[in-house]
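S.K.: Take a look at the following structure, please.
Nothing in this text is a laboratory measurement; each read-out follows from the coordinates by a stated rule. What you see is a predicted model; the values in this text were computed from it and never measured. In this analysis, Cβ positions are derived from the backbone assuming ideal geometry, glycine residues included, and neighbour counts consider all displayed protein chains.
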Amino acid sequence: MSGKPKLHYFDGRGRMETIRWLIAAAGVEFEECFLEKKDDLIKLQKSGSLMFQQVPMVEIDGMKMVQTRAICNYITAKHNLYGKDLKERALIDMYVEGLMDLNELLMSYPYQPADKREQHLATIVDKATNRYFPVFEKALKGHGQDFLVGNRFSRADVQLLETILTTEECKPDILDKFPLLQSFKARISDIPTIKKFLQPGSQRKPPTKEEEAPKIIKIFY
Ligand code: IBG
């Protein structure tokens, strides 16, 4: 066994992408096993490797972990990306849960039917602009530090950058009214592990194209 975490999912973002970001930010190499068709999922289900018959599944440290949040929490704790004490962890969790709520909207965007896409995009832009991004702009302004929590790099920084970049793919000028998020984006993108993940050829996945959605949906439904 290589000792590298092995990620089981389809070859696209979906629920695995944040896991990829966190492992990469921690500077850990990982392998991927892609589900190409429904049969691949069925095989994995029949093997007894999936606690709830679902992916993402990550083989790590002798475990077959499922449930996105549990996997993210484990990687975060293992690689000291969870702040210095329980209160910092609580704040990181609050930030991250908010980001995951916005991310749910972003994740489901490519799978929207044609007649719902415009409205869905408007909801993303509204929620990012008026609910989520102001919280992070205010936090950075309030403490004047480089990182969101406790003046040190944490999963909140990783997940905020991931969400900013994904939102910009939908609306390139989304940060226009958020100067501190603009400098945050540049700063965190320059952290060596992240810089590497952002380079072409990395295991970061491209945005899911509308026309790819039916093939992906077929694997799971
Ligand atoms: N709570 C679980 C988690 O967070 O890990 C949910 C996992 C989940 O919904 N997995 C789906 C699955 O395995 C694939 S991701 N379904 C098979 C089954 O039998 O339930 C679904 C997804 C897609 C695109 I496709 C965007 C987001 C999610």
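S.K.: Kindly write out, for segment 114-124 in residue order, the coupling ³J(HN,Hα) from the Karplus curve 6.51 cos²θ - 1.76 cosθ + 1.60 (θ = phi - 60°), rounded to whole Hz, with x marking Gly and Pro.
M.R.: Going residue by residue, I get 3, 6, 10, 5, 5, 5, 5, 4, 4, 5, 4 Hz, with x marking Gly and Pro.
S.K.: Still on this structure, I have one more. Mind listing which trypsin sites (Lys or Arg not before Pro) in segment 165-207 are in a DSSP loop and have 12 or fewer other Cβ atoms within 10 Å?
M.R.: Filter output for segment 165-207: Lys177.
S.K.: Still on this model: Taking amide H atoms as placed 1.01 Å from N in the peptide plane, list the residues 5 or more away in sequence, or in a different chain, whose amide H sits under 5 Å from that of Glu32.
M.R.: For Glu32, the qualifying residues are Leu7.
S.K.: Still on this model: Under the classification rounded if a/c is under 1.5, otherwise prolate if a/b is larger than b/c and oblate if not, where does segment 1-85 fall, given a ≥ b ≥ c as square roots of the Cα gyration tensor eigenvalues?
M.R.: Prolate shape, in that a/c is at least 1.5 and a/b is the bigger ratio.
S.K.: Which value, in debye to the nearest 20, gives the size of the charge dipole of segment 1-157 about its Cα centre, when Lys and Arg are +1 and Asp and Glu are -1 at the Cβ?
M.R.: I would put it at about 260 debye.
S.K.: Now for a separate question. So what are the ³J(HN,Hα) numbers for segment 81-93, from phi and the Karplus equation (6.51, -1.76, 1.60; θ = phi - 60°), rounded to whole Hz, Gly and Pro as x?
M.R.: 10, 10, x, 9, 8, 4, 6, 5, 4, 4, 5, 4, 4
S.K.: For a quick check: with amide H placed at 1.01 Å from N, whose amide H comes under 5 Å from Gln54's, ignoring anything fewer than 5 positions away on the same chain?
M.R.: Counting only residues 5 or more places away or on other chains, the set is empty.
S.K.: Explain nothing, just compute: Karplus ³J(HN,Hα) = 6.51 cos²θ - 1.76 cosθ + 1.60, θ = phi - 60°, for every residue of segment 192-200 in order, whole Hz, x for Gly and Pro.
M.R.: Each residue of segment 192-200 in turn: x, 5, 6, 3, 5, 5, 7, 6, x Hz.
S.K.: What are the lysines whose alpha-carbon lies under 16 Å from the alpha-carbon of Lys195, with same-chain residues fewer than 8 places away excluded?
M.R.: Of all the lysines, those that pass the test against Lys195 - Cα under 16 Å, at least 8 places apart if same chain - are Lys185, Lys205.
S.K.: Tell me, how many Å apart are the Cα centres for segment 90-120 and for segment 129-186?
M.R.: 16 Å
S.K.: Within segment 1-86, list the GluC sites (Glu not before Pro) lying in a DSSP loop whose Cβ has at most 13 other Cβ atoms in a 10 Å radius.
M.R.: When the GluC sites (Glu not before Pro) of segment 1-86 are filtered for loop state and at most 13 Cβ neighbours within 10 Å, Glu29, Glu36 remain.
S.K.: Here is a further query. Sort Met57, Met107 so that the residue with the fewest other Cβ atoms within 10 Å of its own Cβ comes first and the one with the most comes last.
M.R.: Fewest-to-most ranking of Met57, Met107: Met107, Met57.
S.K.: Label segment 112-217 by shape, choosing from rounded, prolate and oblate, from the square roots a ≥ b ≥ c of the eigenvalues of the Cα gyration tensor; if a/c is under 1.5 it is rounded, and otherwise prolate applies when a/b is larger than b/c, oblate when it is not.
M.R.: oblate
S.K.: If you take the charge dipole of the chain about its Cα centre, with +1 on Lys and Arg Cβ and -1 on Asp and Glu Cβ, which of Phe147, Ser108, Gln53 is farthest toward its positive end?
M.R.: Of the listed residues, the answer is Gln53.
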